[in-house]
Amino acid sequence: MHALGNEHLSKAEWRDRVARARAEQAAESHAREASALVSAVSKVTARTVCAYLPFGTEPGTTAFVDALVAGGARVLLPVIRPVPGPLDWAEYTGEADLVPSRFRGIREPGGKRLGTDAVGAAELVLVPALAVDRRGVRLGRGAGHYDRSLVFAAAGATLLAVVRDEELVERLPGEPHDVRMTGALTPGRGVVELPV
């Protein structure tokens, strides 16, 4: 596991370090990793998957979600609610039905909202992350949407943090309320079970 740096950094310092590394990634490298993630996610089987649409410098592209649909999964995508709290969910029915979110750069399904507890129907939840550690501690962007949402996930659901290979690190700072990931999905290693 290639660490991005010192394990004694604060969450803010980790976020800054990962954001800089992602911003410096060459477009060809991002495209290669996105293709590898499509290949890796194509090997995953689940009837219902909660996923997300990568944006900005996040690993992956919409093809990542299309691969899940092509594999026969019903895919639910997050809808950010106007008040802080857990995410709402809506079914992904194709790129043509996506609409802009309240937040610039984020798209979400334009169809029927299924409620915050819809994540409980998923056997697999793909979670955006800046990094994840060997214990399953995930570093998000800091808004808390996923920590508030994953408490509704089904017992036994697979929770995979989607990160670049070097973002699977030795140790991150964690809080008692952090929902632990059961694995990571990386371009180079595919699914890695956690804790390691």
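The values are calculated or read from the model by the stated rules, or taken from the named source; none is laboratory data. Note that the coordinates shown come from a computational prediction; the quantities given were computed from them, not determined experimentally. Note that each Cβ is placed from the backbone with ideal geometry, even for glycine, and that neighbours are counted across all protein chains shown. Quick note on the areas: whole protein, heavy atoms, side chains included, nothing else; ligands and nucleic acids left out. Shrake-Rupley method; radii C 1.70, N 1.55, O 1.52, S 1.80 Å.
Only one residue of G71, W14, F55 has its Cα farthest out toward the positive end of the dipole of the stretch 6-91, where Lys and Arg carry +1 and Asp and Glu -1 on Cβ, and that residue is G71. The Cα-based radius of gyration and maximum Cα-Cα distance (Dmax) for the chain are 15.5, 44 Å. Counted as membrane-span-like here are DSSP H helices of the chain whose alpha-carbon atoms extend 15 Å or more along the helix's own axis and whose Kyte-Doolittle mean is -1.0 or above; these are 27-42. Projected onto their three principal axes, the Cα atoms of the stretch 1-107 cover extents of 41, 36, 24 Å, largest first.
Applying the criteria of a DSSP loop state and at most 14 other Cβ atoms within 10 Å to the chymotrypsin sites (Phe, Trp or Tyr not before Pro) of the stretch 20-110 yields F103.
The C-alpha atoms of the stretch 93-168 occupy a region whose extents along the principal axes are 37, 29, 22 Å, arranged from largest to smallest. Over the chain, accessible surface divided per residue gives 47 Å², non-protein components excluded, 1.4 Å probe.
Applying Stokes-Einstein at 4 °C and 1.567 mPa s to the Kirkwood radius of the stretch 72-114, computed over alpha-carbon pairs, gives a translational diffusion coefficient of 121 µm² s⁻¹. Shown here is the pair-distance distribution of the stretch 21-70: with all Cα-Cα distances grouped in 5 Å bins from zero up to the longest one, the shares run 4, 21, 30, 22, 13, 7, 3, 0 percent.
Only beta bridges with both residues in the chain are counted; by DSSP, about 50 percent of them are antiparallel.
Okay, helix-only estimate at 222 nm for the chain: each DSSP H run of n ≥ 4 adds -39500 (n - 2.57), divide by all residues, round to 500 deg cm²/dmol; what do you get?
Mean residue ellipticity at 222 nm (helix-derived): -6500 deg cm²/dmol.
Stretched out straight at 0.36 nm per residue, the stretch from A19 to T93 would grow longer than its current Cα-Cα span by 23.6 nm.
Leaving out ligands, DNA and RNA, and with a 1.4 Å probe, what % of the accessible surface on the stretch 31-175 is carbon or sulfur? Could the numbers behind the result be given before it?
Numbers: 3260 of 6250 Å².
Percent of accessible area from carbon and sulfur atoms in the stretch 31-175: 52.
Here the scattering of the stretch 49-101 is modelled by Debye summation over its C-alpha atoms, one equal scatterer each and no solvent; at q = 0.16, 0.19, 0.28 Å⁻¹ the log10 of I(q)/I(0) is -0.48, -0.68, -1.25.
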